[in-house]
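First up is the structure itself, then whatever we jot down about it.
The values are calculated or read from the model by the stated rules, or taken from the named source; none is laboratory data. Keep in mind that this is a model prediction, so the values were computed, not measured. Neighbour counts run over all protein chains shown; Cβ positions are idealised from the backbone, glycine included. In case anyone asks, the SASA skips ligands and DNA or RNA and just uses the protein heavy atoms, side chains included. Shrake-Rupley method; radii C 1.70, N 1.55, O 1.52, S 1.80 Å.
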Amino acid sequence: MRVSKMFAPTLREVPAEAEVVSHQLMLRAGFLRKSAGGMYNYLPLAWRVLKKIENIVREEMDASGAQELLMPIVQPAEIWQESGRWGVYGEEMFRLKDRHNREFCLGPTHEEMVTNLIRGDVRSYRQLPLNVYQIQNKFRDERRPRFGLMRGREFIMKDAYSFDRDEAGLDVSYKLMYDAYTRIFTRCGLTFRPVEADSGAIGGSGSHEFMVIADSGEAEIVYCNECNYAANVEKAELHVIEAPAEEAKAVEEVKTPDCKTIADVCAYLQLPVDKSVKAVAFNSEKGLILCFVRGDHEVNEVKVINTVGVNEVEMAEESLLTEAGTVGGYMGPVGIDPEKTIVVVDSTVMKMHNICCGANKEGYHLLNVNPGRDFTPTYVADIRLIQEGDPCPHCGGNVSKARGIEVGQVFKLFTKYSEAMHATFLDENGKEKPMVMGCYGVGVSRTMAAAIEQNNDKDGMIWPVAIAPYEVLVVPVNTKDEASTQKAEAIYEELKKAGIETVIDDRNERPGVKFKDADLIGYPLRVVVGPKTLAEGKLEVKVRRTGEVQMLPLDGDYITAIRELLAKL
Ligand code: ATP
Ligand code: MG
């Protein structure tokens, strides 16, 4: 490829809408152009990277025994009605109608589609296990599309689905995918970590997310410094903390004017914060949910969703609080009817004594409230968020937190879809059974963004060789100098012939401009040939990641030397 012909329009200014570095660099380096919010044109350099990631994914999926196929993007509403998700998927689903007024959606995922496909043709235990996958654009009308390819509304996903006779079979299929994902992200050159993930209503340890460690990640993970426990904070289980025993005192109402936060209240009443309880109010399809955790703890939204069995929650408006007989800033569990309003209290709160909490009345709090005696929740559950300093749920050791980008997820579905959609088979004894399923996704386009988030510096991208758009850039520094330019052209041809993906910057530009673009695009190796290097009988090779420079003799085997350098990167 010649830079003079390459469609990679670079930008000098960082576009204002781009908040994260991967988005900024992809726009600046001419990888990406926006079509609509969360939807992008992938320009040739980006497309090369995406195809490389896809190929690594494909090779590892094939090696693990999965078979590639392709299902339609447009999916009929009927199958989603059958699984029960047409109603619950909500606004994230792009919906459309055909000329006969029949309803369809653009696939956000393909569990229904694949279950419908497999149930039609797989009838016997002899046809199982089976794992099929596709690499395709997915559509989700995200509430907040942002960060470029990290959270798009149209994005590329590899989705695989396994079908087994029983749970033991599912365990095998799951492990195969887990191991394949480990190889995929290792081959992509990424620093990542598989973590235990929330598996919603299914519960248990039925899911792992693969997280690329990066500060810009939207996910928060916790990991133990002593054992190999690692989990999404949404999922991390917590021990109940038992407060030391105390004699229950009588409830007292106290004035707490202008104390809006739990810190204000504790300061005003001179109470330790671990004697207080704070509230978070959510609205959901089941109505208001009042959640209570200890004053120094935070509420884990995902655990609330799982406990109550709702699809999503959002912060509740004041009018809902008024209806339930409470008021923002002064919410408390005492006097709220748990039959009428859903009250979820963290298990640790139930072990506290003589607590301070809101009095459900503007400007007042209650002292000496005792769970059990003074209130009964609708649900008692582990709903708090793990914090630094909490003991590891597995070994009791020290935990740390980090941010991550979820690039893949493996998930045991068990019989959720096969039962709802009657995807059954006949076992050895002729008995009809639901297939036991798993699903496995890799965000191909998000992986590209994650690779940039993890590999960049002030000058631009630094591609891991395996997924770089090209491996080597040859720069003739002075296109007016015929001899060195001819030599550069010859080296370019030799590299290509040797099977190395090479670009030549044949533009009539100053060397500074060429070097800047080379760094911005982040070719792993840059080869420079000019009148000076030629006079010395050498070419210059620079490693993008380390800045290391080597002068290789032109009469030596520089192709092998370059190949070896690439292999080491
Ligand atoms: P998230 O929690 O980030 O919204 P998800 O858990 O809904 O993602 P899955 O349904 O597990 O996503 O999809 C499989 C993979 O697809 C994810 O691991 C992620 O890499 C990718 N992905 C999901 N949503 C998006 C998106 N909006 N843009 C880009 N990639 C996405
Ligand atoms: Mg996920």
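Things to note:
- One residue stands out among those in the range 391-410 that are of a type in the set (Gly, Ala, Ser) and within 30 Å of Phe147 (Cα to Cα): the one that is farthest from ligand 2 (Cβ to nearest atom), which is Ser400.
- On the stretch given as the range 175-198, residues that are in a helix (DSSP H, G or I), within 15 Å of ligand 2 (Cβ to nearest atom) and open to solvent by 10 Å² or more (accessible area, probe 1.4 Å) total 1.
- Among the residues here, Phe292 does not qualify as surrounded by 12 or more Cβ atoms within 10 Å (Cβ to Cβ) and without any contact (Cβ under 8 Å) to a residue 60 or more places away in the chain.
- Applying the criterion of at least 3 residues that are of a type in the set (S, T, N, Q), closer than 19 Å to Asp215 by Cα and modelled with pLDDT under 95 to the strands (runs of 3 or more DSSP E) found wholly in the range 416-475 leaves an empty list.
For every residue, the table says whether it meets (1) within 16 Å of ligand 1 (Cβ to nearest atom); (2) out of contact with any Cys (no Cβ under 8 Å at 6 or more places or on another chain); (3) not assigned by TED's automatic domain parsing to the domain that holds Asp274.
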site	(1), (2), (3)
Asn354	no, yes, no
Lys361	no, yes, no
Tyr364	no, yes, no
Leu367	no, no, no
Gly408	yes, yes, yes
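- Hits in the range 72-90 (condition: touching an Asp or Glu at 6+ places or on another chain (Cβ under 6 Å) and over 17 Å from Lys416 (Cα atoms)): Ala77
- Answer from Val57, Val49 - the residue that is in a helix (DSSP H, G or I), in the same structural domain as Lys416 (by TED's automatic domain parsing) and touching a strand residue (DSSP E or B) at 6+ places or on another chain (Cβ under 8 Å): Val57
Quick grid of which residues meet (1) not hydrophobic (A, V, I, L, M, F, W, C); (2) not assigned by TED's automatic domain parsing to the domain that holds Gly65:
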{"position": "Tyr440", "(1), (2)": "yes, no"}
{"position": "Ile462", "(1), (2)": "no, yes"}
{"position": "Asn478", "(1), (2)": "yes, yes"}
{"position": "Ala490", "(1), (2)": "no, yes"}
{"position": "Lys497", "(1), (2)": "yes, yes"}
{"position": "Thr502", "(1), (2)": "yes, yes"}
{"position": "Arg507", "(1), (2)": "yes, yes"}
{"position": "Phe515", "(1), (2)": "no, yes"}
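- Lone qualifier among Val444, Val345 - being within 16 Å of ligand 1 (Cβ to nearest atom) and in contact with a strand residue (DSSP E or B) (Cβ under 8 Å, 6 or more places away or on another chain): Val444
- Selection of the range 527-551 for residues being assigned to a strand (DSSP E or B) and open to solvent by less than 20 Å² (accessible area, probe 1.4 Å) yields Val527, Val528, Val529, Leu539, Val541, Val543.
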